[in-house]
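> The structure under discussion is supplied below as structure tokens; questions concerning it will follow.
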Amino acid sequence: MTTPHPDYIEYVEALKDEINALRKERNAVILAHNYQRDEVQEIADFCGDSLALSRQASKTTADVIVFCGVHFMAESAAILSPQKTVLLPVLEAGCPMADMIDAPRLREVKSRHPDAVVVTYVNSSAAVKAESDICCTSANAVKVVNSVDAKKVIFTPDKNLAHYVSRFSDKEIVPYEGFCPTHHLIFPDAVRRAKAEHPNALFIAHPECLPEVVDLADHVCSTSGMYEFVRKSAANEFIIGTEMGILYRLRKENPQKVFYLPARHILCPNMKMTTLDWLAQSLRYMRHKVEVPEDIRLKAKQALDRMLEVI
Ligand code: 13P
Ligand code: SF4
């Protein structure tokens, strides 16, 4: 690895100083998803999975929430904390899976299954949440589906998470056809190869992976679940089946353990858009404000609140 130029190091230090000063001045909290760039995770007040970040957003006493993640995450914060200013440093940081469904398409699915309850993964727009009965994250999807008072569940938008949940539920699950392009970069053959190369390693998969990949896993969980699993495990080697941003904290918290990816890069380009530069600009110019129209917000909040009550 090449050593960065001294001018660059100085520039980065100046950016960090500015972010630290501005977060105090604005009474801001910086939340970062576990897939964010290392340096963004490092400067954040709180890093977590979607569930933990939703909880933080609903209970923070800060005036400003800067969300280092993708658009639906900032939107969820705006839904849960309407009195706060929610900023998304890069407005274009979206989630392709969330964009695979919209409210009219969900209404059409609902019209074909009028007896079903709608469970929507938080990776969705506010308008889709507003059309849903309850939300879930990868950490609580099984619990949420099993908690609903119906035999039939429309599960949107992730077909792989829907399939994973169906392994632990007697309910009839109608999956929507969405998926995460990043987790689809993990192929079963590549996992088999990694397992053959590292026979002592445990394979941990995110439930957004293909069912054939989940079949190969020793453990399946959300991103934060992976930190917990690795910390408690007696094993020393792990093959990681999710976006590679998670390696930063895994390596930091477990310096004696070794981590492998089943592919060279498992990367979500949207999660990587947020840099220290954009974060500093976000606090400097108070942009980009994420707001949700009140009628949609109230309906979407019901679905999120129901989820937060289940766990
Ligand atoms: P979790 O961090 O909740 O496991 O979510 C993964 C993800 O893909 C977020 O976009
Ligand atoms: Fe969306 Fe997948 Fe990126 Fe998460 S990792 S934001 S689900 S595209």
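Please treat every number below as a calculation from the coordinates, not as lab data. Just so you know, these numbers come straight off a predicted model, no measurement behind them. Methodologically, a virtual Cβ is constructed for each residue, glycine included, from the backbone with ideal geometry; neighbour enumeration extends over all protein chains shown.
> If you put +1 on each Lys and Arg Cβ and -1 on each Asp and Glu Cβ, how big is the dipole of the chain around its Cα centre, in Debye rounded to 20?
Computed about the Cα centre, the dipole is about 480 debye.
> Please state the shape class of segment 1-116: rounded when a/c is under 1.5, otherwise prolate if a/b exceeds b/c and oblate if not, all from the C-alpha gyration tensor.
Prolate is the answer for segment 1-116, as a/c is 1.5 or above and a/b outweighs b/c.
> Is the shape of segment 115-199 rounded, prolate or oblate, going by the alpha carbon gyration tensor and its root eigenvalues a ≥ b ≥ c, with a/c under 1.5 for rounded and a/b larger than b/c for prolate? Before the final figure, lay out each step's value.
Values: a/c = 2.79, a/b = 1.87, b/c = 1.50.
It comes out prolate by the Cα gyration axes.
> Given the C-alpha centroids of segment 238-269 and segment 192-232, what is the distance between them in whole angstrom?
Each part reduced to its Cα centre gives a spacing of 11 Å.
> What FRET efficiency, computed as 1/(1 + (r/R0)^6) with R0 = 51 Å and r the Cβ-Cβ distance, is obtained for D7 and V109, rounded to the nearest 0.05?
0.40
> I need the semi-axes of the equivalent ellipsoid of segment 133-274: take the C-alpha gyration tensor, multiply each eigenvalue by 5, square-root it, list largest first in whole angstrom.
27, 16, 15
> Turning to a different aspect of this structure: So which GluC sites (Glu not before Pro) in segment 147-247 are both in a DSSP loop and have at most 13 other Cβ atoms within 10 Å of their Cβ?
Details: sites: E172, E177, E197, E208, E212, E228, E237, E243; in loops: E177, E208, E243.
Counting only loop positions with at most 13 other Cβ atoms within 10 Å, the GluC sites (Glu not before Pro) in segment 147-247 are E177.
> Next up: Could you order peptides 3-10, 48-55, 286-293 by the average number of other Cβ atoms within 10 Å of their residues, highest first? Mind showing how you got there, number by number?
Details: 3-10: 9.4, 48-55: 22.0, 286-293: 16.0.
With the highest mean Cβ count within 10 Å placed first, the list reads 48-55, 286-293, 3-10.
> Give the Kirkwood hydrodynamic radius (Å, one decimal) of the chain, defined as one over the mean of 1/r across all pairs of different Cα atoms.
Computed over Cα pairs of the chain, the Kirkwood hydrodynamic radius comes out at 20.1 Å.
> Something else now. What Kirkwood Rh does segment 205-287 have if only Cα atoms enter the pairwise 1/r average? Answer in Å.
Radius from the Kirkwood sum: 14.4 Å.
> Oh, and also: Can you return the lysines within cross-link range of K257? Criterion is Cα-Cα under 20 Å, with same-chain partners fewer than 8 residues away left out.
Qualifying lysines at Cα under 20 Å: K195, K232.
> Among V40, T3, T156, whose Cα lies farthest out toward the positive end of the dipole of the chain, if unit charges sit on the beta carbon of Lys, Arg (+1) and Asp, Glu (-1)?
T156
> If you don't mind, another one. Can you compute the modelled spin-label distance between A263 and N27, with each label point 7 Å from Cα toward Cβ, in nm?
Inter-label distance under the simple model: 4.5 nm.
> Here's another thing I want to ask about it. Efficiency by 1/(1 + (r/R0)^6): what FRET value for F168 and R192, r their Cβ-Cβ distance, R0 = 25 Å, to the nearest 0.05?
0.55
> If you don't mind, there's one more thing I want to ask. Taking a ≥ b ≥ c as the square roots of the Cα gyration tensor eigenvalues, with a/c under 1.5 meaning rounded and otherwise prolate when a/b beats b/c, else oblate, which class fits segment 5-66?
oblate
> Given the chain, what percent of its DSSP beta bridges are antiparallel, to the nearest 5?
Around 5 percent antiparallel, to the nearest 5.
> A further question follows. Considering only Cα-Cα distances, which of the following residue pairs are longer than 29 Å: K84/K152; K129/K289; K84/K151; K252/K272; K171/K301? Show your work: numbers first, answer last.
On the way: K84/K152 37 Å; K129/K289 20 Å; K84/K151 38 Å; K252/K272 19 Å; K171/K301 25 Å.
Over 29 Å apart, Cα to Cα: K84/K152; K84/K151.
> Rg(Cα) of segment 254-294 divided by 2.2 N^0.38 Å?
That works out to 1.88 for segment 254-294.
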